[in-house]
1. Looking at (1) more than 18 Å from residue 102 (Cα to Cα); (2) of a type in the set (A, V, I, L, M); (3) surrounded by fewer than 19 Cβ atoms within 10 Å (Cβ to Cβ), which is the only condition residue 83 fails?
2. So which of 26, 61, 37, 19 is modelled with pLDDT of 95 or more and touching a helix residue (DSSP H, G or I) at 6+ places or on another chain (Cβ under 9 Å)?
3. Determine if the range 49-58 includes at least one residue that is of a type in the set (A, V, I, L, M) and within 19 Å of residue 95 (Cα to Cα).
Amino acid sequence: MTIEHDITSISRRRNDRHLVEMIAHLRHDARTVTVVLKDLTRRGARIDGAARLDVDEAVSLTLPGCRPALAFVAWSDDHSAGLEFAFPLQAECLDSLVAAFAIFTQADRYQHILVAA
């Protein structure tokens with residue numbers, strides 16, 4: 001594996017990641033907590049507002065307008081966690097969530113306008 005390959009992989013991963021801010025519901029240990037989703041891909045998400053979760057713990061994440069998604073905890077600290085979905089989100093679900101909840105910086109908006117033109 002070359003450095004160029006590593007950089008391309010990281011870049012692709014970041015390009016697939018959408019910065020969002022939305023309320024979601026996390027179910028684990030027979031209880032449901034409200035969390036804030038901070039970024040989203042077809043394969044996973046970062047949440048804030050959950051107490052520390054166990055790595056590899058199975059959880060269910062309910063996103064607005066979508067069916068609950070089975071996910072596994074990839075990492076966790078005292079306030080945030082990274083989740084990996086057992087099955088990729090449906091493209092339609094991801095697209096509607098990004099359209100409704102994406103956070104753009106001013107530079108992102110400008111770039112989006114240039115690309116669309």
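The values are calculated or read from the model by the stated rules, or taken from the named source; none is laboratory data. Owing to the predicted nature of the structure, the values given are computational and were not obtained by experimental measurement. Quick reminder, even Gly has a Cβ in these numbers, built from the backbone with ideal geometry, and neighbours come from all protein chains shown.
1. (3)
2. Answer to the check: 37.
3. Kept after step one, since they are of a type in the set (A, V, I, L, M), are these residues of the range 49-58: 50-51, 53, 55, 58.
The next check asks that each one be within 19 Å of residue 95 (Cα to Cα); those that pass are none.
No, there is no match, as no residue in the range 49-58 is of a type in the set (A, V, I, L, M) and within 19 Å of residue 95 (Cα to Cα).
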